[in-house]
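This report concerns only the one structure given below.
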Amino acid sequence: MLYLRMAFIMIVSLYTSRIVLQTLGVDDYGINNVVGGTVTFLTFLVYSMNTATQRFLNIAIGKNDEKEVRDVFSASLAIHFFILLLVVVIGEVVGLWLLYNKLVIPADRMNAAFWLFQFTIVSTCTMVMSIPYNAEVIAHEKMNVYAYLSVFDAVLKLLVVYLLKLSNYDKLITFGFLTMCTYILNRVLYTVYCKRTFPECKFTPHFPKKIFKEMLVFAGWDLFGVFAWACATQGATILLNMFFGTLVNAARGIAGTVLGAVKGFSQNFTTALNPAITKAYGAKNYEYMTKLMYSGSKLVFVLLYTLMLPLFIKCHYVLELWLGIVPEYSVTFIRILLVQTLVVTMWTPLFISGLATGKIKSFGLITSCLNIFQVVVCYIILMMGASPEITVMSLGIWEILAYSVQLYTLGKLIDFSLWDYFKKVQVKCIIILGITVLIYYCLTDFLYNNFVNFLLLCVSTTVISLSLTYYILLESSERVFFVSKLKSVIKKH
């Protein structure tokens, strides 16, 4: 269900991005990226509590404790309400100061940027109050419902694009208002479903202070980590705007959309894997948890690499086919971010196990400090006259370094052998990477830019990467499991 959802969402996302870019123009698209990024910076508050809510719900369900599940939901709802108030205050004070004093926005578009900012604040607040309900759906592993609601959200985005084309009012303001409406409608749907399906989804103010405190402590340390991540990503977006203007922000926005579409497939798998790993830890089934970590890393690598390789090779052609307009720097940005994401994302199942322990102080402290320092590094590089490409590449290398440190910390936290993981997973992935890169490097001169050749490239990439995965990456027990599942599917049809 999650993969069907993602296939549809990716198609819609790529199509709507094309229409929005063409309708708004490069400058307004860049304004949307930088203004949205300024508000999105505040979502570090949201993501920290999202992780905490998901973790505590999974643990409570894993222990089969209905009372604890109700208490966790009520506590998370109360905390999210206070986060909502914080988002409004910080957004309207600090955010508006940045908008009027630091961001490089044409004077005649400042009014539109202001209204876009306000609509984004409302969207963010709506998202804040949706987190406990979204977490309930995932914790109960209702992936079909999660998929249906996500597909409905994608349909709403198509409607937004249609109405944007029809509107005679300012396109940027219209886009911000319509996007806000989709957030509100999604919030209503999640709330109605959860209240009707899960008995614990009723707020009661009499939850234990212990749970409230534990969630706040967990979220507090995770907050620091997500704040550091927000500094690294949105801070870089703002700095690039200050040094190079909205054109570079438009390119970065396009790169982010492409990356989100590709990365979404692997995130589907980790979304389904998250409750399984956390529940295994809650049930103290550490052997099964380790098995999920290893298999999860392999599959995330395969899913992401199979999708990104054709895009990496034919990036300019794909952007021309998709957008018609190819903003400067966008091809280089996409290639850099794809490599960075491939390295970091395959470690996600390992990081989930670290969060499951609840001991995230030591787990993320050093990494968070490195992420915050990333903004300083970005500023120094820009002051030295670095190009946008060199700046983004430096940020990518720095992020890989930060996650490597976190991986080392994880090995001590859960008594996990990094050397064993390196032999059984990492080395095999490097071998597959080397073989496929060598094959396509030899075939570069024959890969002309036309749609038929691109389809052949996609098919051949899939066949080669899956074949190498089967014979090199998978263990014998995993191959037996794969073959048995494949036979059962064939028999049913």
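Could you tell me which of the residues S123, S167 is under 25 Å from F73 (Cα atoms) and either of a type outside the set (K, R) or surrounded by fewer than 19 Cβ atoms within 10 Å (Cβ to Cβ) (or both)? Outline the logic, then answer.
Numbers: S167 fails: under 25 Å from F73 (Cα atoms).
When all the criteria are applied, what remains is S123.
Kindly indicate whether any position in the range 418-427 is aromatic (F, W, Y), more than 30 Å from S460 (Cα to Cα) and touching a Leu at 6+ places or on another chain (Cβ under 7 Å).
Scanning the range 418-427, I find no residue that is aromatic (F, W, Y), more than 30 Å from S460 (Cα to Cα) and touching a Leu at 6+ places or on another chain (Cβ under 7 Å), so the answer is no.
Which numbered condition trips up Y148, out of (1) of a type outside the set (A, V, I, L, M, F, W, C); (2) under 25 Å from L247 (Cβ atoms); (3) surrounded by fewer than 18 Cβ atoms within 10 Å (Cβ to Cβ)?
The failed condition is (2).
For residues that are in contact (Cβ under 8 Å) with a residue 24 or more places away in the chain and assigned to a loop (DSSP other than H, G, I, E, B), tally how many sit in the range 459-493.
So in the range 459-493, the residues in contact (Cβ under 8 Å) with a residue 24 or more places away in the chain come out as 461-462, 464-466, 468-469, 472-475, 478.
Subset that is assigned to a loop (DSSP other than H, G, I, E, B): 474-475.
Result for the range 459-493: 2.
Mind counting the residues in the range 311-328 that are at pLDDT 80 or above, crowded, with 17+ Cβ neighbours inside 10 Å and within 18 Å of V248 (Cα to Cα)?
The qualifying residues number 2.
Do we find that L456 is assigned to a helix (DSSP H, G or I) and open to solvent by 40 Å² or more (accessible area, probe 1.4 Å) in this structure?
Here the answer is yes, as L456 does meet what is asked.
Could you figure out which of (1) open to solvent by 30 Å² or more (accessible area, probe 1.4 Å); (2) under 30 Å from I59 (Cβ atoms); (3) under 22 Å from the mean Cα position of the chain (by Cα) isn't true of T179?
(2)
Per-residue answers, yes or no, for (1) open to solvent by 30 Å² or more (accessible area, probe 1.4 Å); (2) in a helix (DSSP H, G or I); (3) under 25 Å from L247 (Cα atoms); (4) modelled with pLDDT under 85:
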position	(1), (2), (3), (4)
I138	no, yes, no, yes
N144	yes, yes, no, yes
D153	yes, yes, no, yes
L172	no, yes, yes, yes
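Does D415 qualify as being open to solvent by less than 60 Å² (accessible area, probe 1.4 Å), of a type in the set (D, E, K, R) and over 30 Å from A236 (Cα atoms)?
Spelling it out, it is not the case that D415 is open to solvent by less than 60 Å² (accessible area, probe 1.4 Å), of a type in the set (D, E, K, R) and over 30 Å from A236 (Cα atoms).
Which of the numbered conditions does Y294 fail, given that it passes all the others? Conditions: (1) of a type in the set (F, W, Y); (2) open to solvent by 50 Å² or more (accessible area, probe 1.4 Å); (3) at pLDDT 85 or above.
That leaves (2) as the condition not met.
Within the range 262-274, track down each residue that is among the hydrophobic types (A, V, I, L, M, F, W, C) and at pLDDT 70 or above.
V262, A272, L273
For the condition outside any helix (DSSP H, G or I), at pLDDT 75 or above and not hydroxyl-bearing (S, T, Y), what is the one hit in I19, I79, I105?
Only one candidate passes the filter, namely I105.
Name the one entry in R70, R55 that is crowded, with 19+ Cβ neighbours inside 10 Å, at pLDDT below 80 and not hydrophobic (A, V, I, L, M, F, W, C).
R55
Which of the residues spanning the range 383-396 are open to solvent by 10 Å² or more (accessible area, probe 1.4 Å) and assigned to a helix (DSSP H, G or I)?
Across the range 383-396, the qualifying residues are M383, E389, I390, M393, S394, L395.
Between a residue in the range 382-394 that is at pLDDT below 85 and any residue that is polar (S, T, N, Q) and surrounded by 16 or more Cβ atoms within 10 Å (Cβ to Cβ), which pairs come within a Cβ distance under 7 Å, given they are 6 or more apart or on different chains?
Correct list of pairs: L382/T391; E389/T332.
Kindly indicate the residue of the range 81-117 that is surrounded by 15 or more Cβ atoms within 10 Å (Cβ to Cβ) and without any contact (Cβ under 8 Å) to a residue 40 or more places away in the chain and also nearest to R55 (Cα to Cα) among those meeting that condition.
V88
Residues in the range 352-364: is at least one open to solvent by 40 Å² or more (accessible area, probe 1.4 Å), at pLDDT below 80 and on the phi > 0 side of the Ramachandran plot?
Taking the range 352-364 as the starting set, the residues that turn out to be open to solvent by 40 Å² or more (accessible area, probe 1.4 Å) are 355, 359, 361-362.
Now restrict to residues that are at pLDDT below 80: 355, 359, 361-362.
Narrowing the set further to residues that are on the phi > 0 side of the Ramachandran plot leaves none.
No, every residue in the range 352-364 fails to be open to solvent by 40 Å² or more (accessible area, probe 1.4 Å), at pLDDT below 80 and on the phi > 0 side of the Ramachandran plot.
Determine whether T332 is of a type in the set (S, T, N, Q), part of a helix (DSSP H, G or I) and open to solvent by less than 50 Å² (accessible area, probe 1.4 Å).
no
Kindly indicate which of V375, V405 is assigned to a helix (DSSP H, G or I) and free of Cβ contacts under 8 Å to residues at least 40 places away in the same chain.
Residue meeting the stated conditions: V405.
The values are calculated or read from the model by the stated rules, or taken from the named source; none is laboratory data. This one's a predicted model, so the numbers in the text were calculated from it and none came from an experiment. Ideal geometry is used to build each Cβ from the backbone, glycine not excepted, and the neighbour counts take in all protein chains shown. Accessible surface is based on the protein model in full, side chains and every heavy atom, while ligands, DNA and RNA are left aside. Shrake-Rupley method; radii C 1.70, N 1.55, O 1.52, S 1.80 Å.
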